Amino acid sequence: MEMEIAPVILPATLDALSRLGQYVKDASEKAGLDRQAAYNLRLAVDEIATNIIVHGYEEAGLTGDILVQGKLNDGEITIAVEDSGTPFDPLAKKLPTEEDLARPLEERPIGGLGIYLVLKGVDKFAYERSGNRNRNIFTMKRRLPGNGGN
Amino acid sequence: MPFSAQLAVVDGVAKVTLKGELDASVAGQFKETIEQAAAEKPRRLVLYFNELEFLASAGLRVLIFAKQKMGINVDIYVIGSQGPVLATLEMSGFHHSVYLQDTYGDD
């Protein structure tokens, strides 16, 4: 059975990140995610939303909103984040390698760390561009009693 | 808990106590604290993470900035990091470059 969590529309400003985080925390609680999984999901959404706000809107001289919508079914929770900022496919970004991550801090590349944390933290991540909208979709498996723990 | 970063410099050791949620909206505040710490030319930077509840990559980038600003001879200690925040540090490889400890010697 699928359940939609009431969506929220937030201004695309960094000040909105805490409200966005609260939305994801509430959704994770409804889904029964454990502490680490809930944190990873919140972190992933925070990282992508930060990119949207900074690169998709502010650096492009745009203002706008971010629409956030959670959905639950028996096996998964998904959080979709939509915006009308400039097109940005996180999956096209070059990520740090294991070698980069093992380098001393003073030699580390700065970029790509946020998206690396997104991809490491969630069970599935997808990006879609439809019309003038970006849509980022985060999925976590629900490890509920009775579904085999997977 | 709102984010805060409090600096104390004791015997050449810059100690920064972080509380709350460190995301991109407050990373600038953390960076300013690191700049104040760097101005004191410390021999060591000790960051207390005991009450840090959330750490985004914007906060990790300030750690990289701290190392680059203070120089390779200033070791960074992260104290009291636990749970998901510790997991984030490890996932992003920071455990290779900072000293992760439960407590700091003279506290």
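Observations
- For chain B, calculated [θ]222 nm from helices alone, where every DSSP H run of n ≥ 4 adds -39500 (n - 2.57): -10500 deg cm²/dmol
- Solvent-accessible area lost on pairing A with B (1.4 Å probe, both sides summed) amounts to about 2400 Å².
- Förster radius 22 Å - calculated FRET efficiency between B:His96 and A:Thr97, Cβ distance, rounded to 0.05: 0.95
- Inter-chain Cβ neighbour count for B:55-62, averaged per residue, equals 6 (cutoff 10 Å, partner chain atoms only).
- Where A:Met1, B:Met91, A:Met140 fall by accessible area, highest first, once all protein chains stay in place (1.4 Å): A:Met1, B:Met91, A:Met140
- Of all accessible heavy-atom area on chain A, the percent that carbon and sulfur account for (1.4 Å): 51 percent
- Fluctuation leader among A:Pro90, A:Pro11, A:Pro104 - chain A, Gaussian network, Cα springs under 10 angstrom: A:Pro104
- Within segment A:1-19, backbone nitrogen closer than 20 Å to the virtual label 7 Å beyond the Cα of A:Leu144 toward Cβ: A:1-7
- Tensor-based shape of chain B (alpha-carbon gyration tensor, a/c under 1.5 rounded, otherwise prolate or oblate): rounded
- Estimated [θ] at 222 nm from DSSP helical runs (n ≥ 4, -39500 (n - 2.57)) normalised by residues in chain A, nearest 500: -9000 deg cm²/dmol
- Filtered GluC sites (Glu not before Pro), segment A:57-142: DSSP coil and at most 14 other beta carbons within 10 Å: A:Glu59
- Neighbour cut-off at most 15 other Cβ (10 Å), DSSP loop, GluC sites (Glu not before Pro), segment A:1-51: A:Glu2
- Rolling a 1.4 Å probe across the protein heavy atoms gives chain B an accessible surface of 44 Å² per residue.
- Here the spin labels are modelled as points 7 Å beyond Cα on the Cα-Cβ line, and at B:Glu35 and A:Gln36 they lie 3.8 nm apart.
- Pairs of Lys in chain A closer than 28 Å at Cα, counting only those 8 or more apart or on different chains: 21
- Note: relative contact order over chain A, using C-alpha pairs below 8 Å and six or more positions apart, is 28 percent.
- Percent accessible area from carbon and sulfur atoms, segment B:4-101, protein chains only, probe 1.4 Å: 42 percent
The values are calculated or read from the model by the stated rules, or taken from the named source; none is laboratory data. If you're wondering where the values come from, they're calculated on a predicted model, not measured in any experiment. Note that each Cβ is placed from the backbone with ideal geometry, even for glycine, and that neighbours are counted across all protein chains shown. Protein only, heavy atoms only, side chains kept; ligands, DNA and RNA dropped before computing areas. Shrake-Rupley method; radii C 1.70, N 1.55, O 1.52, S 1.80 Å.
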